[in-house]
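Contents: one structure, followed by commentary.
The values are calculated or read from the model by the stated rules, or taken from the named source; none is laboratory data. Bear in mind that the values here come from a model prediction, so they are computed numbers and not experimental data. Reconstructed Cβ throughout: ideal geometry from the backbone, glycine too, with neighbour counts over all protein chains shown.
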Amino acid sequence: MGIRVGDNAQHEFTVEVEEMKWFQTVSRDHSRIHTDSDFCRERGFDDVIVYGGIVLAHLSHVLGTKIPGKNGTSTRWTINYRQPLYLGETARIELTVTYISKAAGVVESKFKINAGAKVIATGDTQSILPVEEIDRSTSDAENL
Amino acid sequence: MNEISRDAILADVTEVIRDIFDEYEGPVTPDLNAAKVPQWDSLAHVQLMVLLEKKFGIRFKMSEIQSFKNLGDVIASIENAQER
């Protein structure tokens, strides 16, 4: 049984100060929107905003461990950030397979990231995958 | 093979080629192949196949994807798929 159109995966995560510091060190991104609470409040936000790169790291977790899993190779991600994610908020990624080309060995998915009712981000991904991991009953191309 | 439908397919394929190989400014003709487009590597080939499947609402066979020698072969496959 391999991947099929309509398959979905979920992942929840909460970002805390330690991860923000770690990402700041790795990325060397010191922009005030991620580091300065007063700066953020002056601009109408509640507090510092979680780095988009950390959100993407959790998307990477979904892709690398769930769909398409450890044998997939990402070839495209698009993401639209909608509303800010703040420290301590629990975010949930919901990813659904939307298109499979068995001939090309390609799996495409859409994802949505929510924190409660708030939409943090939406986007889509494309991965290549060994064809034997695509469900045998899948036709040469399927899509939602 | 119907020349009119082939020309129409080539026009639509050209749109996809211009989009995915945005650094290529040469002509898009049936004899175009990966050797003439620096961006056309194996990964881009996979993405091109998926874009064409979606644009034309068709399904390539794995054997076809592996046997395409140039854009003319791709266009012939699209035309055949549309007639099936």
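Test B:GLU64 against the stated conditions and say whether it is within 11 Å of another protein chain (Cβ to nearest Cβ) and in a helix (DSSP H, G or I). It is true that B:GLU64 is within 11 Å of another protein chain (Cβ to nearest Cβ) and in a helix (DSSP H, G or I). Selection within the stretch B:30-60: residues that are of a type in the set (S, T, N, Q) and over 10 Å from the mean Cα position of the chain (by Cα). The member of this set that is modelled with the lowest pLDDT is B:SER42.
Among the listed residues B:LEU52, B:LEU43, B:LEU48, identify the single one that is farther than 18 Å from A:SER127 by Cβ and within 14 Å of another protein chain (Cβ to nearest Cβ). So that I can check it myself, show each step before the final result.
Details: B:LEU43 fails: farther than 18 Å from A:SER127 by Cβ; B:LEU48 fails: farther than 18 Å from A:SER127 by Cβ.
One residue alone meets the criteria, B:LEU52.
Residue count for the stretch A:58-105 under the criterion of being aliphatic (A, V, I, L, M) and within 14 Å of chain B (Cβ to nearest Cβ): the result is 4. Which residues, counting only those in the stretch A:95-120, are in contact (Cβ under 8 Å) with a residue 40 or more places away in the chain and over 27 Å from B:LEU48 (Cα atoms)? Across the stretch A:95-120, the qualifying residues are A:ILE113, A:ILE120. Just the residues that are surrounded by 11 or more Cβ atoms within 10 Å (Cβ to Cβ) and not in a helix (DSSP H, G or I), please, taken from the stretch A:17-42. Answer for the stretch A:17-42, where residues must be surrounded by 11 or more Cβ atoms within 10 Å (Cβ to Cβ) and not in a helix (DSSP H, G or I): A:ASP29, A:SER31, A:THR35, A:ASP36. Residue count for the stretch A:11-51 satisfying the condition of being touching a helix residue (DSSP H, G or I) at 6+ places or on another chain (Cβ under 8 Å), acidic (Asp, Glu) and in contact (Cβ under 8 Å) with a residue 60 or more places away in the chain: 0.
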